[in-house]
Amino acid sequence: MSAVIYESPKIGIIGLGHFGKALAEGILSHTYSHLLGFNRSPVELSPTLAKGLDLRTDIKDVMAECQIILLAVRPQNMGQVLTDLKDYEGLVISFAAGLPLDYYTSRLPYTTVVRAMTNLGVAYGKGMTVWVGAENMDAQIRWMTQSVFSDLGNVIELDLEDENQIDTVTALSGSGIAYLAQVFDTMKTVGVNHGMTESNAEKVVLQTVSSVLALFHNTELSLDEIVAGVASKGGTTEAGLKTMDEKGLKTALTQGLEDTISKCNSLSRL
């Protein structure tokens, strides 16, 4: 059965942990001014969320009132949520890592399901969302899904045959926020160890990140060409890159990303 989506659908969010709150912040700021929410345990809301998020104590309220439900719960907790939603007839968008579309469709027979992955940037309209839906997905629902994600940042729709790429996006985008922040924090720590104040070191590192993005977006240079352009022969950058290569920076980062993807694959067997 296809979901029925109204011109101004009401959206509900199930799961209000760190990511669920970020998702709600983004939707309230860039898409809708009112949301319904449900969390199994008590949750504290920021003033912004408390104003725009109608927190319910019964998941059935969200099912009854919302045409779109966003699932921001852990994969390990998804089974119970889907049991509660088994008779729901709207659109469900899940952001859980690892769980494939057929995991949902076999449990939600009356629901249109979208599988997506994004990152915490959605809170500020700067997310990177990749999503996939069934091939026979209704055109109106497809448009609505794309529209909601577009308001939250950049978006890519995958063909169903490329669904496994969402696991890769989990590593590059969802978890990638933490991996890049770890690199930036390490750089900041080096600055502090050499006498800089924490605030100055942090400012230098984060502005350098902005500089990399500015170079990429305003020139035709690829990322590896930017590296080569900065690393002049016999210079300071070349010396640093040589040591990083010898110490295994690329190897460690690559393996960390591969392990993230492998973890997604293991979650698909829940």
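Checking L241 against (1) under 30 Å from D102 (Cβ atoms); (2) assigned to a helix (DSSP H, G or I), only one condition comes out false. Which one?
(1)
Quick one: what pairs do we get from the range 228-248, first residue more than 19 Å from V190 (Cα to Cα), second open to solvent by 70 Å² or more (accessible area, probe 1.4 Å) and charged (D, E, K, R), C-beta under 6 Å, 6+ apart or different chains?
A231/E238
Could you list, in sequence order, all residues of the range 91-124 that are without any contact (Cβ under 8 Å) to a residue 12 or more places away in the chain and in a helix (DSSP H, G or I)?
Listed by number, the list holds a single entry, D102.
Being open to solvent by less than 80 Å² (accessible area, probe 1.4 Å) and either more than 30 Å from V113 (Cβ to Cβ) or not in a helix (DSSP H, G or I) (or both) narrows it down to one of T170, T189, T251, T260, so name that one.
The match here is T189.
For the range 26-57, which residues satisfy the criterion of being open to solvent by 60 Å² or more (accessible area, probe 1.4 Å), under 19 Å from L85 (Cβ atoms) and not in a loop (DSSP other than H, G, I, E, B)?
Correct list: L55 only.
If a residue must be touching a residue at least 12 places away in the same chain (Cβ under 8 Å) and closer than 22 Å to V190 by Cα, how many such residues does the range 209-227 contain?
3
For the range 130-155, name all the residues that are of a type in the set (D, E) and touching a strand residue (DSSP E or B) at 6+ places or on another chain (Cβ under 8 Å).
D138
Residue check, V132 against (1) more than 15 Å from N119 (Cβ to Cβ); (2) in a helix (DSSP H, G or I); (3) among the β-branched types (V, I, T), all met but one. Which one?
V132 satisfies all of (1) more than 15 Å from N119 (Cβ to Cβ); (2) in a helix (DSSP H, G or I); (3) among the β-branched types (V, I, T) except (2).
Being touching a Ser or Thr at 6+ places or on another chain (Cβ under 7 Å), at pLDDT 95 or above and open to solvent by less than 60 Å² (accessible area, probe 1.4 Å) narrows it down to one of V73, V62, V81, V113, so name that one.
V113
Report, by residue number, each residue of the range 84-110 that is surrounded by fewer than 20 Cβ atoms within 10 Å (Cβ to Cβ) and closer than 15 Å to G15 by Cβ.
D84
For the list (1) over 30 Å from S106 (Cβ atoms); (2) of a type outside the set (S, T, N, Q); (3) open to solvent by 80 Å² or more (accessible area, probe 1.4 Å), I need the number of the one condition that W143 fails.
(1)
So which residues in the range 102-127 are of a type outside the set (S, T, Y) and farther than 22 Å from L16 by Cα?
Answer for the range 102-127, where residues must be of a type outside the set (S, T, Y) and farther than 22 Å from L16 by Cα: D102, R107, P109.
With D185, D162 as the choices, which residue is charged (D, E, K, R) and free of Cβ contacts under 8 Å to residues at least 12 places away in the same chain?
Among D185, D162, only D185 is charged (D, E, K, R) and free of Cβ contacts under 8 Å to residues at least 12 places away in the same chain.
The values are calculated or read from the model by the stated rules, or taken from the named source; none is laboratory data. Bear in mind the structure is a predicted one, so any value in this text is a computation, not a measurement. Please note: Cβ atoms are built from the backbone with ideal geometry, for glycine as well, and neighbour counts cover all protein chains shown. Only protein heavy atoms, including side chains, enter the accessible area calculation; ligands, DNA and RNA are left aside. Shrake-Rupley method; radii C 1.70, N 1.55, O 1.52, S 1.80 Å.
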